[in-house]
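What follows is a short report on a single structure.
The values are calculated or read from the model by the stated rules, or taken from the named source; none is laboratory data. Just so it is clear, the model here is predicted, and its values are computed rather than measured. Note that we place each Cβ from the backbone using ideal geometry, even for glycine, and neighbour counts take in every protein chain shown. These area figures cover heavy atoms from the full protein model, side chains too; ligands, DNA and RNA do not enter into them. Shrake-Rupley method; radii C 1.70, N 1.55, O 1.52, S 1.80 Å.
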Amino acid sequence: MATEPVFIGRPTDAELSDQLLSTAWRPWRRLGKIGFLVAIIGTLSLFSGITFTVMRGIGVWGNNIPVGWAFDIINFVWWVGIGHAGTFISAVLLLFEQKWRTSINRFAEAMTLFAILQAALFPVLHLGRPWFAYWIFPYPSTMGVWPQFKSALPWDAAAISTYFTVSLVFWYTGLIPDLATMRDRAPTRAKRFIYGIFALGFTGASSSYRHYRVVYGLLAGLSTPLVLSVHSIVSSDFAITLVPGWHSTIFPPFFVAGAIFSGFAMVLTLVIPVRSLFRLENVITKRHLDNLAKMVLVTSWVVTYSYILEFFMAWYSGDEYEIYQFFEARPFGPWAWIFWMMMICNSVIPQVFWSKKARNSLAVLWFVSLLVNVGMWAERFVIIVMGLQRDYLPSAWDVYVPTYVDWMIFLGTMGFFLLLFLLFLRFVPFVPLAEVKELKHELSHEEGH
């Protein structure tokens, strides 16, 4: 059976440049303007919710006792997870020399940065006094006020700041050759000046390009351990506690697999409409979408295995609290429908990707990717809310109900994410031009042309 190509056609380098840089020069159509309007409305919702929360306190959220962690931590973990595919596609696949990463890696890298920005909002707001957020960093203090390292908050601060910094440097380094091309081809003097500043004097000479490749490879090697470390640290927020259903050594690999699962699904959600709108079928081919779908299928099975193992460990432990949590509270307690939605979206629906026909259908790919993201958000809800609302003390049991402020902030982060992503599409070459040209010449050389 023939393998789908990763690049279609034989355009010249100039034609490729015209195609992939045109989005930065031409005005957008009506659909793009509508997207910007929706994103701005969502962003206003986010900052309105944040302002109201800061003015009135987190009592305007639905958090209660015992559900002290709710939408804020659910959304924090969900957004951090979405950012995982960017590092995986960019760094891990680069080190393994996978050619199919070339056209989609910048999508994934940008998605990582914007998702981490959304995630970083929630721990700060969760503090209750966000103006003291700097307390969670180990800054030198003459008063001897150091972070409480037994708390998970300093761990999260270290994980997020490291992940964001390395991902930002890695993303920007990959952009430099394309920014230099935009500098040289910009239609106005102002744009040439602006892109010239960000290109850092890159000329495309062999010596410059050799140093660039060395730095890019080193950053990929530095980024790769973050795939495992960041969500392992986030999972430790739960694993270090004694809450039934949380105190488990399976959480780090379980959370990492779930993060990659939701991250690849989000890449599909973003790539498919952009590919169609900008007519990029020649550089983002069915091969890319097929491989992304296969990665979703593989990680779905890892997540499903983790679910099975959780139930087995609860039963095998003989601990009545663990047994109650997994066999009664989650499948039959309050919000049980979210538990079953999680199981269906994460374990059942992705199995359609066993079919090549399903992997070749854009509608199926996009719809399943949306459901996977819904399912992964539901998983965080199940772990956090359903784990807390039924713990050791029945007299303290309560049911969590989110308020309109919770929904304003959550939906607002989606709008803010969309706004950042649209700005990225508007001003930056979102398909790596230099790498696509390099791939084209490699494929031509292999074919003997």
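Note on the chain: dipole from Cβ charges, positive end direction compared against Tyr212, Val368, Gln118; the farthest Cα belongs to Tyr212.
When every alpha-carbon pair in the stretch 274-321 is counted, what percent end up more than 15 Å apart? Before the final figure, lay out each step's value.
Details: 726 of 1128 pairs.
The calculated P(r) of the stretch 274-321 puts 64 percent of pairs beyond 15 Å.
Stretching Asn360 away from Val302 to a fully extended chain increases their span by 18.6 nm, per 0.36 nm per residue minus the current alpha-carbon distance. Summarising the label geometry, the points placed 7 Å from Cα in the beta-carbon direction at Ile194 and Glu97 lie 4.0 nm from one another.
For the options Leu393, Leu218, Leu309, a Gaussian network treatment of the chain with springs between C-alpha atoms closer than 10 Å singles out Leu393 as fluctuating the most. Per-residue SASA remark: Arg279, around 150 Å² accessible (1.4 Å probe; ligands, DNA and RNA not included). Highest mobility in the GNM of the chain, judged by mean-square fluctuation with C-alpha springs under 10 Å and restricted to Leu117, Leu200, Leu93, is found for Leu200. Ranked from largest to smallest solvent-accessible area, with a 1.4 Å probe on the protein heavy atoms, Tyr324, Tyr305, Tyr212, Tyr316 come out as Tyr316, Tyr305, Tyr324, Tyr212. Taking all protein chains as they are arranged and a probe of 1.4 Å, the heavy atoms of Trp131 leave approximately 140 Å² accessible to solvent.
Filter the chain for me: DSSP H helices, axial length by Cα at least 27 angstrom, mean Kyte-Doolittle hydropathy not below 1.6. List them by residue number. Before the final figure, lay out each step's value.
Values: long enough: 30-56 (39 Å, 1.31); 105-126 (32 Å, 1.03); 152-185 (48 Å, 0.51); 206-239 (50 Å, 0.55); 251-277 (39 Å, 1.71); 286-317 (46 Å, 0.44); 362-388 (39 Å, 1.90); 404-427 (34 Å, 1.84).
Length and hydropathy pass: 251-277, 362-388, 404-427.
Of the residues Lys191, Lys33, ranked by 1.4 Å probe accessible area with the largest first, the sequence reads Lys33, Lys191. Helix-only arithmetic for the chain: the sum of -39500 (n - 2.57) across DSSP H runs with n ≥ 4, divided by the residue total, places the mean residue ellipticity at 222 nm at -22500 deg cm²/dmol.
Counting only protein heavy atoms and using a 1.4 Å probe, the accessible area of Ile308 comes to about 110 Å². With every protein chain in place and a 1.4 angstrom probe, the accessible-area ranking of Ile284, Ile176, largest first, reads Ile176, Ile284.
Highest mobility in the GNM of the chain, judged by mean-square fluctuation with C-alpha springs under 10 Å and restricted to Gly245, Gly81, Gly333, is found for Gly333.
For the chain, a simple Cβ point-charge model (Lys and Arg +1, Asp and Glu -1, everything else neutral) yields a dipole of about 1700 debye relative to the Cα centre. Considering only C-alpha atoms, what is the centroid distance from the stretch 155-209 to the stretch 307-324, in Å? Centre-to-centre (Cα) distance: 50 Å.
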